[in-house]
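A.B. asks: Dropping a structure here in structure tokens format, bear with me for questions.
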Amino acid sequence: MRPLLPFLVIAACADPPEKVDSDTASGSTPTAVDTGTRVAAQIEITPASLDFGQLPPGCSSILQLEIRNTGNYPLELREFELSEDPWGVFTVNGDLTVLGPDSGTIVNVGFAPQTPQLYEGAFLRVLSDDSDDFKVDVPLRGEGQADEPFSETFVQDGGRPVDVLWVLDDASAVADRLDALAGQASALLDAWDRFGIDYHVAVIDLEPEHGGAFLGPVVTPDTADGGDTLAEAIRAAIGGGGPAPFFDVTQAALSEPLISTDNAGFLRPDSYLAVVALSERDDESEQTGATFATWLEGTRDPALVSFSGVTGPTRGILPCGLFGDSVEPAPRLGTAITDTEGLHMEICDYGAPRIMDDFSVFTAGLRDAFPLSREVTVDDWMYVLIDGEEVPRDGSDGWTYASGPNEVRFHGEWVPTAGQTIEVNYPAAVPCP
């Protein structure tokens with residue numbers, strides 16, 4: 001038999017054959033680089049861990065990982081796997097690809113905390129065909145930032161002189177509402193007195209024989225028993241029932257010859273003119289709401305005039321009060337209210353006390369609602385001061401918080417007067433960076 005030993009020795013001393021991958025040979029994947037050392041893929045990930053620091057809940061942040069192949073043979077990235085993240089606050093976005101020698105790719109890792117707490121223990125696992133490090137874990141850490149105390153300060157505007165003309169529907173159906181309104185006349189004047197407002201108030205009805213002439217005298221801060229005088233004028237409108245030409249009657253009341261005769265002493269050139277109609281009917285004038293609004297704004301600076309209304313709905317076709325005494329829509333009156341930026345009070349929802357409360361604030365040019373610049377996280381921890389005095393949290397006489405518009409609202413005698421300073425303290429969400 002022929003001896004085999006020489007052949008085996010020769011074979012052992014020969015150079016090993018070069019490794020050739022079938023895909024590499026066809027040009028479909030990166031090729032190895034011959035460096036004279038062993039052929040291998042080598043994964044390297046930097047940084048070795050990711051710390052997102054503090055981030056407010058509801059915000060998000062992205063940090064990047066670089067994955068490189070420091071070997072001299074193609075590296076296949078096979079899987080990105082997020083582990084130990086029961087909160088679901090981390091995300092990963094990257095391409096599973098094949099990296100050629102000395103090449104790399106970027107992977108984006110996101111963090112979006114849900115609550116103010118520490119999130120650690122999670123990691124991103126990168127699986128590849130690196131024979132030594134086929135599984136590399138990158139620890140992830142982040143913290144949801146807690147709320148911070150925040151204080152916001154406002155100064156109340158307003159304090160302007162006002163000339164207020166009430167235009168009252170005299171239909172018998174409105175008699176109870178007018179009587180209730182008269183019962184709140186003193187409350188209206190008391191509010192203006194508290195606000196320091198210089199007011200003129202007059203009342204007209206829709207009766208053709210009155211033609212826009214005032215019912216009773218003009219009431220001012222100097223009128224003795226002003227509340228009773230105004231109440232008597234309001235009750236004088238009860239008992240009519242003719243047509244409802246609100247626009248025509250108002251224009252007559254504020255024009256010559258009445259404004260210089262029967263209605264003299266009411267209108268001042270630099271005051272804020274506020275007309276307010278109370279009605280369960282829509283307007284029946286010969287002119288439209290838009291035409292009337294244009295005329296009214298032409299009597300002075302348009303910023304110093306408004307037409308408001310206590311009426312049925314101003315939009316749509318459905319009445320209000322479907323389960324009680326329904327009131328039909330008043331779109332014509334609504335046009336004048338909208339065009340002059342007046343105050344609309346839906347008659348089915350507004351009782352006499354609220355009418356006088358809201359209208360006193362509106363005509364005085366005051367604000368009873370103050371929007372906040374930051375999101376309130378726990379409104380139970382809020383407190384409010386006016387000129388350093390704490391205000392009770394009360395929906396009738398104090399303040400409340402409205403989460404929808406994110407604003408503090410004042411009610412009753414706690415509506416700030418002109419020049420007063422309002423301080424609102426609350427826990428606020430930290431803004432996203």
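A.B. asks: Applying the selection to the stretch 263-303, what residues are small (Gly, Ala, Ser) and at negative phi?
C.D. replies: Selection gives Ala264, Ser271, Ala274, Ala277, Ser279, Ser285, Gly289, Ala290, Ala293, Gly298, Ala303.
A.B. asks: Would you pick out the residues in the stretch 245-261 that are farther than 13 Å from Val203 by Cα and touching a residue at least 60 places away in the same chain (Cβ under 8 Å)?
C.D. replies: Phe247
A.B. asks: State which residue is nearest to Tyr426 (Cα to Cα) when the search covers only the stretch 119-152 and only residues that are among the small types (Gly, Ala, Ser) and in contact with a strand residue (DSSP E or B) (Cβ under 9 Å, 6 or more places away or on another chain).
C.D. replies: Per the stated criteria, the residue is Ser151.
A.B. asks: For the stretch 124-147: of the residues being among the hydrophobic types (A, V, I, L, M, F, W, C) and farther than 21 Å from Gln42 by Cβ, which is surrounded by the fewest Cβ atoms within 10 Å (Cβ to Cβ)?
C.D. replies: Ala146
A.B. asks: Assess whether Ser255 counts as being in contact with a strand residue (DSSP E or B) (Cβ under 9 Å, 6 or more places away or on another chain), among the small types (Gly, Ala, Ser) and either crowded, with 23+ Cβ neighbours inside 10 Å or modelled with pLDDT of 95 or more (or both).
C.D. replies: no
A.B. asks: Any residue in the stretch 66-83 that is in the same structural domain as Val98 (by TED's automatic domain parsing) and surrounded by 14 or more Cβ atoms within 10 Å (Cβ to Cβ) sitting within a Cβ distance under 6 Å of a residue that is in a strand (DSSP E or B) and acidic (Asp, Glu)? List the pairs, counting only those 6 or more apart or interchain.
C.D. replies: If the second residue must be in a strand (DSSP E or B) and acidic (Asp, Glu), the pairs left are Arg68/Glu44; Thr70/Glu44.
A.B. asks: Among the residues of the stretch 321-346, which ones are at pLDDT below 90 and crowded, with 19+ Cβ neighbours inside 10 Å?
C.D. replies: Within the stretch 321-346, just Val327 meets the criteria.
A.B. asks: Next question, about the same structure. Being in contact with a helix residue (DSSP H, G or I) (Cβ under 9 Å, 6 or more places away or on another chain) and in the same structural domain as Val408 (by TED's automatic domain parsing) is true for just one of Val310, Val305, Val361, Val391. Which residue is that?
C.D. replies: The match here is Val391.
A.B. asks: Is the stretch 363-370 home to any residue that is among the hydroxyl-bearing types (Ser, Thr, Tyr), under 29 Å from Phe247 (Cβ atoms), in a loop (DSSP other than H, G, I, E, B) and out of contact with any Cys (no Cβ under 6 Å at 6 or more places or on another chain)?
C.D. replies: no
A.B. asks: Criterion first (within 30 Å of the chain's Cα centre (by Cα), surrounded by fewer than 22 Cβ atoms within 10 Å (Cβ to Cβ) and within 28 Å of Ser172 (Cα to Cα)) does Gly316 satisfy it?
C.D. replies: Spelling it out, Gly316 is indeed within 30 Å of the chain's Cα centre (by Cα), surrounded by fewer than 22 Cβ atoms within 10 Å (Cβ to Cβ) and within 28 Å of Ser172 (Cα to Cα).
A.B. asks: Any idea how many residues of the stretch 176-209 are aliphatic (A, V, I, L, M) and in contact with an Asp or Glu (Cβ under 6 Å, 6 or more places away or on another chain)?
C.D. replies: 1
A.B. asks: Against the conditions (1) among the aliphatic types (A, V, I, L, M); (2) more than 16 Å from Gly144 (Cα to Cα); (3) surrounded by 19 or more Cβ atoms within 10 Å (Cβ to Cβ), where does Val92 fall short? Just the number, please.
C.D. replies: Of the numbered conditions (1) among the aliphatic types (A, V, I, L, M); (2) more than 16 Å from Gly144 (Cα to Cα); (3) surrounded by 19 or more Cβ atoms within 10 Å (Cβ to Cβ), the odd one out for Val92 is (3).
A.B. asks: Could you grab the pairs with beta carbons closer than 8 Å, sequence gap of 6+ or different chains, first residue in the stretch 140-155 and farther than 30 Å from Val126 by Cα, second one hydrophobic (A, V, I, L, M, F, W, C) and surrounded by fewer than 17 Cβ atoms within 10 Å (Cβ to Cβ)?
C.D. replies: Hits for this filter: Asp147/Val378.
A.B. asks: Then there's this: Give the number of residues within the stretch 215-255 that are more than 30 Å from Ala290 (Cβ to Cβ), among the β-branched types (Val, Ile, Thr) and assigned to a helix (DSSP H, G or I).
C.D. replies: 1
A.B. asks: When both residues are 6+ apart or on different chains and their Cβ atoms are under 8 Å apart, which pairs have a first residue that lies in the stretch 298-321 and is over 28 Å from Ala180 (Cα atoms), and a second that is of a type in the set (A, V, I, L, M) and surrounded by 15 or more Cβ atoms within 10 Å (Cβ to Cβ)?
C.D. replies: Partner pairs satisfying both residue conditions: Thr299/Leu254; Thr299/Leu273; Thr299/Val305; Arg300/Leu273; Leu304/Leu273.
A.B. asks: Cβ-Cβ distance below 8 Å, separation of 6 or more or different chains: which pairs start in the stretch 395-416 with a residue that is touching a residue at least 24 places away in the same chain (Cβ under 8 Å) and end on one that is hydroxyl-bearing (Ser, Thr, Tyr) and in a strand (DSSP E or B)?
C.D. replies: Sorted first by the residue in the stretch 395-416, then by its partner, the pairs are Glu407/Tyr401; Val408/Thr400; Val408/Tyr401; Arg409/Thr400; Arg409/Tyr401; His411/Thr400.
A.B. asks: Kindly provide the set of residues from the stretch 262-276 that are in contact (Cβ under 8 Å) with a residue 40 or more places away in the chain and not basic (Lys, Arg), ordered by number.
C.D. replies: Asp262, Asn263, Gly265, Phe266, Leu267, Asp270, Ser271, Tyr272, Leu273, Ala274, Val275, Val276
The values are calculated or read from the model by the stated rules, or taken from the named source; none is laboratory data. This is a predicted model, so every value here is computed, not measured. Every residue, glycine among them, receives a Cβ derived from its backbone with ideal geometry; neighbour counts consider all protein chains shown.
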